[in-house]
Amino acid sequence: MNLITRQNWVDNDNGLVDRRIFSDVEIYQTELKKIFARGWNFMCHESQIPESGNFFLNYIGEDQVIVVRDRNQQVQVLLNSCPHRGNTVCRADQGKTRSFFCSYHGWNFDLDGKLVGVPGFEPFYKGDLDKDKWGLAKAAQVESYKGFVFATLDPDAIALGDFLGWVGRLGLDLIAEQGDVEVVDGIQKNRIQCNWKLAVDNLFDWYHPKVSHASAIRTGIMSEESMYPMSQMVILGEYGHAIGGPGVSEDEQRRLEEKYADLYSTANLEKPKSPNSWRANQQAIQELGPVGIRSKGHPNIFPNLWVSTGGTQLCLRLPKGPLETELWWFTFVNRNLSTETKRRIIQGAIHFFGPAGMLEQDDGENWSHSTRGSRGVVTGDRPLNFRMGLGQDKVRSDQSGQSSIETVVNEHGQRWTYRSWQEWMKADNWSDLVKNHSPEPKGQV
Amino acid sequence: MPEQSNTEPSNTELSTPDLMLLQFEVEQFLYHEAKLLDERRYDEWINLLTEDIHYWMPIRRTTTTREINKEFTEPGAMAFFDDDLEMLKMRVKKMAAGNAWSEDPPSRTRHFVSNIHISGVQGDEIKVELNFHLYRTRLESEEDSWIGRRQDLIRRTDNSFMLARRHIFLEQTVILSQNMSSMF
C-alpha cells in the first residue's frame with residue numbers, strides 16, 4: 001500500500017484516497033480558493049430571472065452572490081456585500097427589485113452593482129467618495145451555455161466553453177436538448193452533515209442503489225433493473241467533468257431513431273410515453289454526438305453540479321464547512337409539454353429526490369456517517385478503497401472524437417473526480433492548471 | 001400559498017355547546033393520529049386517510065414583505081411532499097420494508113399539535129387549522145425539530161373521522177435536516 005503524503009492525498013495508481021480530505025479544515029479552505037473561487041460555478045437558469053430586476057441568491061464556495069438581470073438585460077453576478085461595512089444588500093432568496101439597498105447605512109446599488117445612492121454624500125463625505133470605485137464587486141466572468149448561467153471569481157479562468165469541454169457541454173445538453181426547458185418554481189434545499197465531495201462521489205455510484213435504496217425498490221416505485229443496470233457507459237472529460245451510469249445501446253438508439261423519426265418532423269412537441277424519444281431528434285443527435293446521444297448516466301459538472309438526467313434536474317452541492325453540505329434541487333420541464341405531462345414530471349421529481357424523496361431519504365445518513373468516519377485519529381489514517389474496475393477497462397474512441405468506457409458497475413467516475421480534484425488543488429493558478437491537468441484518458445484505464 | 005390564517009371565530013352555524021363537543025372530538029382524533037405516528041403504527045395510520053387525500057408541503061422562500069405572497073410555492077409547482085393515497089401507501093410500505101436505512105434503527109419522534117382551531121364546517125367536512133411541532137432524534141446525537149402550521153380537512157364517517165387533506169407549512173426555508181423521512 002502506498003503511503004499517501006501531504007499534497008498527495010489521492011493515489012491514482014492504486015485507487016486510494018486519504019480520508020482526511022473529507023474533514024480537514026485547511027484542505028477545505030484551500031478548496032474554497034483553488035476550486036470554487038477559481039472554477040466556473042452554476043448560478044441559475046436564465047428562465048429563473050427572465051426580466052430586468054429579477055434576482056436569485058446563490059453561492060460561489062461560501063461567497064454569497066446575487067445573480068440579477070440588469071437594465072440592459074445582461075446577467076450580472078455581484079458579491080452580496082456592501083463595500084462600506086460588508087453587510088449583505090440582498091436578503092431575499094429570489095424576487096424582483098429596482099436596486100439593492102444596504103439596510104445598515106443606506107448605500108444603494110443599481111442592478112449592475114453601481115453605487116448610485118449614498119446618504120450624507122455632501123454633508124458628511126463632502127462629496128469625497130468615488131462612487132464609480134465603490135460599487136458591489138462583480139464576478140470576474142459570467143457566461144451562459146444554452147441558458148445555464150455560470151460565473152467564476154478568477155479573471156484568468158479559461159472561457160466557459162473550454163472549461164466545460166465536450167463532456168461538460170454534453171452533461172448540460174442532456175437537459176437542454178430535451179426542448180425549450182424552464183425551471184419549475186421552487187428550489188428544494190436541505191443540509192446534510194457530510195463533506196461535499198462524498199455527495200458528488202455518490203452520483204457516479206451505481207453500486208449503492210440495490211443496498212442503499214432497497215426499501216424504495218421494495219415499494220415498486222421503480223424497477224430493480226432501472227436501479228441496478230448491468231451495463232454502464234462512463235465518459236471522462238478534462239478538468240474533472242465525468243458521466244457515469246447506464247447508456248442506451250447502439251441497437252436501441254437505432255430503434256429509437258426509426259420509431260420516432262416522424263415525431264420531430266412535425267409540430268408535435270408532446271413528450272410521448274418513452275422517456276427516450278427525444279434521442280431521435282436530429283438536432284439533439286447533432287448537438288450531443290453519436291456517443292453522447294446514448295448517455296443516460298449522471299454527469300457531474302466539476303466540481304459540484306449533478307445533472308440528474310432521470311428527472312431532468314440539477315442538484316448543486318454547496319459546501320458549508322468541511323462537515324456540512326447544502327443540496328439545492330433545480331427541476332426543469334419543457335415549456336411546450338401539456339400541463340398533465342409537466343405535472344407527472346414534477347411529481348416524479350418530488351417523489352424520488354429532495355429530502356423527502358423515496359430515494360434520497362436514505363442517502364444522507366450514509367454520507368454523514370462516511371464523513372464522520374474520516375475524523376478519528378486512527379480511523380482517518382486508513383485510506384478509502386476506490387479500486388473497482390481499476391485497470392480493467394478500455395476507453396473506446398469513436399470516429400467523431402467522442403469516447404466512452406462501456407463496462408459494468410465501476411468506480412471510474414469517482415477516481416477521475418478525485419484525480420482531477422488533486423490537480424486543481426496542486427495548481428497555483430489557471431495557467432498551471434491548463435498545463436498540468438490530465439488529458440482525456442485513452443486506452444486502458 | 002396558504003389560505004389566510006383564520007383567527008376569527010369559527011364560521012359555522014353550530015351552537016357553542018355543539019362546537020365545543022366538535023372541538024373535543026376533533027382534538028381526540030388528532031391526538032390519536034399523532035400517537036399512531038409516534039408509535040410507528042403506520043398501517044393503522046393509513047386507514048385514517050380518505051381515498052382522495054392530498055398531503056402537501058410546499059417550499060418556502062425568504063422574500064421581502066412586498067413579495068410575501070410568493071413566499072410559498074403554489075400547488076402544482078415544486079414541493080417537498082405532493083402525495084395522493086397511493087404515494088402515501090408507498091411511503092408506509094417503504095418504512096415497513098425492513099431495510100429503510102433512514103428509519104432503521106428507528107427514529108424517535110414526538111408529534112405535538114396545538115392552537116387547534118375549527119375554521120369551518122360544511123356537511124361532513126371540518127376545516128381545522130393548527131400549529132404542530134415534530135421532534136425527532138436519531139442514533140447518538142442527531143436532533144431535528146420541525147415546527148409549522150397545518151391546514152387539515154377532516155371528514156366525518158359513520159362513527160369516526162378520516163383525514164382528507166393535510167397541507168403543511170413549515171417555518172424552515174432550507175430544511176436543516178438530512179432528510180424528512182417522518183410523516184407530519
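Among A:Gly240, A:Gly135, A:Gly413, the largest mean-square fluctuation in a Gaussian network model of chain A, built with springs joining Cα atoms closer than 10 Å, belongs to A:Gly135.
Summarise the long-distance tail of P(r) for the stretch A:98-158 by giving the % of C-alpha pairs beyond 16 Å.
58
Across all C-alpha atoms in the stretch A:307-364, the radius of gyration and Dmax reach 13.0, 43 Å.
Cross-link partners for A:Lys197 among the lysines, with Cα-Cα distance under 24 Å and sequence neighbours closer than 8 places in the same chain left out: A:Lys33, A:Lys34, A:Lys189, A:Lys210, A:Lys296, A:Lys320, A:Lys426. Applying Stokes-Einstein at 37 °C and 0.692 mPa s to the Kirkwood radius of the stretch A:144-298, computed over alpha-carbon pairs, gives a translational diffusion coefficient of 183 µm² s⁻¹.
Report D for the stretch A:319-400 in µm² per second (integer): Stokes-Einstein, Kirkwood Rh on Cα pairs, 20 °C, 1.002 mPa s. Translational diffusion coefficient: 125 µm²/s. Dimensions of the stretch A:151-211 based on its C-alpha atoms, expressed as ranges along the principal axes with the largest first, amount to 40, 32, 26 Å. For the stretch A:84-201, the equivalent ellipsoid derived from the Cα gyration tensor has semi-axes of 36, 18, 16 Å, listed largest first.
Net length available on complete extension from A:Lys33 to A:Asp128 is 30.8 nm, with 0.36 nm assigned per residue and the Cα-Cα distance removed. How many percent of all Cα-Cα pairs in the stretch B:17-98 sit more than 23 Å apart? When all Cα pairs of the stretch B:17-98 are counted, 44 percent exceed 23 Å. Rg then Dmax, both in Å and based on the Cα atoms of the protein assembly as shown: 26.1, 83.
Taking GluC sites (Glu not before Pro) as exposed when DSSP calls them loop and at most 13 other C-beta atoms lie within 10 angstrom, chain A has its longest site-free stretch at A:52-269.
The alpha-carbon positions of the stretch B:65-106 define a convex hull whose volume is 103 Å³ per residue.
Within the straight-line cut-off of under 12 Å between alpha carbons, the aspartates and glutamates reachable from B:Lys70 are A:Asp93, A:Asp185, sequence neighbours fewer than 8 places apart in one chain being disregarded. Sequentially through the stretch A:65-72, phi angles give Karplus couplings (6.51, -1.76, 1.60; θ = phi - 60°) of 10, 9, 9, 9, 8, 7, 5, 9 Hz, Gly and Pro residues having no value and appearing as x.
Here the stretch A:217-267 is treated as an ellipsoid with the same Cα gyration tensor; its semi-axes, largest first and in whole Å, are 25, 21, 11.
By the Cβ distance rule (another cysteine Cβ under 4.7 Å), the unpaired cysteines of chain A are A:Cys44, A:Cys90, A:Cys194, A:Cys315.
Taking the Cα centre of the protein assembly as shown as origin, sum charge times position over the Cβ atoms of Lys and Arg (+1) and Asp and Glu (-1), and report the length of that vector in debye to the nearest 20.
Once rounded to the nearest 20, the dipole reads 960 debye.
Semi-axis lengths, largest first, of the ellipsoid equivalent to chain B are 27, 22, 15 Å, with √(5λ) applied to each eigenvalue of the Cα gyration tensor. Counting only DSSP H runs of at least 4 residues, each contributing -39500 (n - 2.57), and dividing by the residue count of chain A, the helix-based mean residue ellipticity at 222 nm comes to -7500 deg cm²/dmol. Mean-square fluctuation check for chain A, GNM, Cα pairs under 10 Å: which of A:Cys315, A:Cys90, A:Cys194 is largest? Sorting by GNM fluctuation, first place goes to A:Cys90.
Three principal axis extents of the stretch B:136-184 based on alpha-carbon atoms, in descending order, are 45, 24, 13 Å.
Size of the stretch A:345-445 from its Cα atoms: along the principal axes, largest to smallest, the extents are 44, 42, 31 Å. Straight-distance candidates among the lysines for linking to B:Lys35, with alpha-carbon spacing under 25 Å and chain neighbours fewer than 8 residues away dropped: B:Lys89, B:Lys93, B:Lys94, B:Lys127. Among all stretches of chain B without exposed GluC sites (Glu not before Pro) (DSSP loop, at most 16 other Cβ atoms within 10 Å), which one is longest? It runs B:40-139.
For the stretch A:13-124, the spherically averaged projection of the C-alpha convex hull amounts to 10.0 nm².
Read the figures in this text as sums done on the coordinates, not as results from a lab. This is a predicted model, so every value here is computed, not measured. Heads up, the Cβs are rebuilt from the backbone with ideal geometry, glycines too, and the neighbour counts pull from every protein chain shown.
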